[in-house]
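The values are calculated or read from the model by the stated rules, or taken from the named source; none is laboratory data. Predicted, not measured: the structure shown is a model, and the values here were computed from it. Here the Cβ positions follow ideal geometry from the backbone for every residue, glycine too, while neighbour counts run over all protein chains shown. The area values use the complete protein model at the heavy-atom level, side chains included, leaving out ligands, DNA and RNA. Shrake-Rupley method; radii C 1.70, N 1.55, O 1.52, S 1.80 Å.
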Amino acid sequence: MPNLRKEAKACKVCGEVFKPFKSTQKVCSPGCAVILARDTRRAKEAKERRKIDRDRLEAIQPLGHWHKKAQEAFNAFIRIRDEGRPCISCGAMKPHTCGHQLSVASTPELRYDTRNANGQCSTCNSGNAKYPKNEGTIKAKYEAGVLFRFGPKRMAFIRSPHPIKQYREEDLKRIAAIFKKRAKIYKKMREIR
């Protein structure tokens with residue numbers, strides 16, 4: 001048999017303790033009910049206004065903004081995917097950044113291609129790694145790492161010509177959403193292991 005006795009509550013508006021008539025009653029009096037309804041309505045209107053403002057702001061963003069968002073999502077995915085692997089260039093087990101084999105500026109068509117990006121330590125990615133003269137440059141080390149890790153087919157793909165892509169806002173939003181979702185899946189997979 002359910003307990004029919006109603007416990008005393010504090011009013012959501014004035015804080016006064018009262019004994020409710022119904023279990024869903026939140027306020028102590030009709031005056032407080034009017035105030036609560038007004039505050040609830042204002043909060044809902046403010047939330048709708050913020051959504052409209054956010055939508056307006058999103059509509060006027062330049063294409064560069066969406067490239068930045070897509071690149072952030074892509075880089076985060078590459079960092080998560082290659083976590084626990086050594087740097088593709090120097091082999092150090094340091095925290096990674098996303099390093100592109102062919103730079104984004106020189107080959108924008110491979111900007112969001114996962115075959116052109118690998119985990120690279122920040123020293124190598126910024127170009128500050130110090131190799132002895134005999135051992136070559138960071139770029140040569142990156143290529144050697146790709147050949148060792150993935151084989152000559154990957155190198156042939158990267159070196160082959162690719163059609164130029166013109167990204168629209170919708171494309172960049174989709175790319176960002178895809179890589180955010182992939183990153184989330186990789187994170188969950190790592191937690192399971």
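For this structure, a couple of remarks:
- The apolar share of the surface of the chain, taken as the fraction of accessible area on carbon and sulfur atoms (1.4 Å probe, ligands and nucleic acids excluded), comes to 57 percent.
- Where only DSSP H runs of four or more residues are counted, the chain gives -17000 deg cm²/dmol as its mean residue ellipticity at 222 nm, each run worth -39500 (n - 2.57).
- Gain in span if fully extended, residue 193 to residue 153, counting 0.36 nm per residue against the direct Cα distance: 11.4 nm
- Potential extension, residue 43-residue 17 segment - 0.36 nm per residue separation minus Cα distance: 6.9 nm
- The distance between label points at residue 36 and residue 68 comes to 4.4 nm (points 7 Å beyond Cα on the Cα→Cβ vector).
- Of the trypsin sites (Lys or Arg not before Pro) in segment 21-62, the ones in a loop by DSSP (not H, G, I, E or B) with at most 16 other beta carbons within 10 Å are 22, 26.
- Applying a DSSP loop filter and a limit of 16 other Cβ atoms within 10 Å to the trypsin sites (Lys or Arg not before Pro) in segment 63-152 leaves 130.
- Two-site label geometry, residue 94 and residue 177: point separation in nm, points 7 Å out along Cα→Cβ: 3.7
- Label zone at residue 9 (point 7 Å along Cα-to-Cβ), backbone N below 18 Å, segment 34-49: 34-41
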